[in-house]
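A.B. asks: Starting off with a structure, shown below.
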Amino acid sequence: MYDKTHSLMQRGIAFLGTEHAIMCGAMSWVSERNLVAAISNAGGFGVIACGAMTPELLDAEIAATKALTAKPFGVNLITMHPLLTDLIAVCAQHRVSHVVLAGGIPPRGSVEAIKAFGGKALVFAPTLALAKRLLRGGADALVIEGSEAGGHIGPVATSVLAQEFLPELAEDHVVFVAGGIGNGAMIAAYLEMGASGVQLGTRFACATESIAHPAFKQAFFRANARDAVTSVQVDPRLPVIPVRALKNKGTEEFTAKQIEVAKLLDAGEVDMEAAQLEIEKFWAGALRRAVIDGDIESGSVMAGQIVGLVTSEEPASAIMAQLMGEAEAALNAK
Ligand SMILES: Cc1cc2nc3c(=O)[nH]c(=O)nc-3n(C[C@H](O)[C@H](O)[C@H](O)COP(=O)(O)O)c2cc1C
């Protein structure tokens, strides 16, 4: 049915063990058992967002996801989580097939620990040199994510990253492209450039199975691309990773938070690492308020620029079928 698309996705499909090489990138608070299982059951690859979860909570979430799907799914771990080693151990106990290390350069030993229990390690890399180093060092696949994406982002657009990374890496490595993808024609284009598959977040965040609050989903349906803006760094010393979210009052609260953390730094009460953790705790809390409580005014409604194409609630399987149909049509039109 999707012959041409599947043929270009072949390596991604073999790597993920799925029907289609379409990943739903982990979204903190959104990517829990229901959405993850729905994506995997629809032939894609769901990824649990561990975020700031404790090892006990992650253990329960993996078990609950397994109860909802027999298909492969992954777990996304944030590298700066203080209990990263314990979280990898939880993945090992559950024999999680794929672990995505996100939010920074994987600390020494983390990729090895994943591979030691037979898991596949997926990593992000902001530069080509680092990507090569990580792949040489044993990482099994790479995700390149451009600045169009929702959530924490780097400074370079997906289209530019694709042109830089794919010609150098795609022949020998499994590379997924993420950021700003909302239509199958775009998926087809990245596959033709050599990507093994793609990762989408924003397009799936409001699926029927997503537990995101109805107000969060409505905010997505109303928003245009230009509403999904990046956070501003107040103090250049602060290790702030820019975050893309819908413009609201929460943006001002982030400014206040940065001033507060900068004062703690000045007073010597926290070091850089602790400052970064403070900032990340702020985001986790703000995102929870938006996703779970529906506070879309002061919470953080993280969304990518492709949010303008998200206009209604649909089952994950319908979104998947639409994307695959569009990709196939684009390839057939040649
Ligand atoms: C609400 C939201 C929360 C996110 N949380 C995480 C996260 O916890 N870990 C992560 O690696 N990426 C996170 N992301 C990024 C997604 O996994 C994915 O890479 C991104 O959404 C792809 O770009 P797109 O939004 O343009 O589709 C998040 C994205 C959104 C929209």
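The values are calculated or read from the model by the stated rules, or taken from the named source; none is laboratory data. This structure is a prediction, so every number in the text was calculated from the model and none was measured. For neighbour counting, all protein chains shown are included, and Cβ atoms are generated from backbone atoms with ideal geometry for every residue, glycine included.
A.B. asks: Would you confirm whether or not the range 100-114 contains a residue that is more than 10 Å from the ligand (Cβ to nearest atom), in contact (Cβ under 8 Å) with a residue 40 or more places away in the chain and touching a strand residue (DSSP E or B) at 6+ places or on another chain (Cβ under 7 Å)?
C.D. replies: So far as the range 100-114 goes, no, none of its residues is more than 10 Å from the ligand (Cβ to nearest atom), in contact (Cβ under 8 Å) with a residue 40 or more places away in the chain and touching a strand residue (DSSP E or B) at 6+ places or on another chain (Cβ under 7 Å).
A.B. asks: Could you check the range 105-128 and list, in sequence order, the residues that are closer than 23 Å to GLY197 by Cβ and surrounded by fewer than 18 Cβ atoms within 10 Å (Cβ to Cβ)?
C.D. replies: Step one: list which residues in the range 105-128 are closer than 23 Å to GLY197 by Cβ, which gives 105-106, 110-111, 114-115, 118-128.
Correct list: ILE105, LYS115, GLY118, PRO126, THR127, LEU128.
A.B. asks: Now for a different question. Show me the strands (runs of 3 or more DSSP E) entirely contained within the range 176-275 in which 2 or more residues are under 24 Å from ILE292 (Cα atoms) and out of contact with any Ser or Thr (no Cβ under 6 Å at 6 or more places or on another chain). Explain how you work it out, then say what you get.
C.D. replies: Numbers: elements: 197-200, 228-230, 243-246.
By residue number, 197-200, 228-230.
A.B. asks: Restricting the search to the range 158-203, which residues are touching a Gly at 6+ places or on another chain (Cβ under 7 Å), within 9 Å of the ligand (Cβ to nearest atom) and farther than 12 Å from LEU142 by Cβ?
C.D. replies: THR158, GLY179, GLY180, LEU200, GLY201, THR202, ARG203
A.B. asks: Let me ask something else. Might you let me know whether the range 23-31 holds any residue that is surrounded by 24 or more Cβ atoms within 10 Å (Cβ to Cβ), over 30 Å from LEU331 (Cα atoms) and assigned by TED's automatic domain parsing to the domain that holds GLU145? Let's see the steps before the verdict.
C.D. replies: Filtering the range 23-31 for residues surrounded by 24 or more Cβ atoms within 10 Å (Cβ to Cβ) gives 23-27, 30-31.
Still in the running and over 30 Å from LEU331 (Cα atoms): 30-31.
With assigned by TED's automatic domain parsing to the domain that holds GLU145 added as a condition, the list becomes 30-31.
Scanning the range 23-31 turns up at least one residue that is surrounded by 24 or more Cβ atoms within 10 Å (Cβ to Cβ), over 30 Å from LEU331 (Cα atoms) and assigned by TED's automatic domain parsing to the domain that holds GLU145.
A.B. asks: Taking the conditions exactly as written (outside the structural domain of VAL160 (by TED's automatic domain parsing) and either under 17 Å from GLN305 (Cβ atoms) or in contact (Cβ under 8 Å) with a residue 24 or more places away in the chain (or both)), does ARG203 satisfy them or not?
C.D. replies: For ARG203, the condition - outside the structural domain of VAL160 (by TED's automatic domain parsing) and either under 17 Å from GLN305 (Cβ atoms) or in contact (Cβ under 8 Å) with a residue 24 or more places away in the chain (or both) - is not met.
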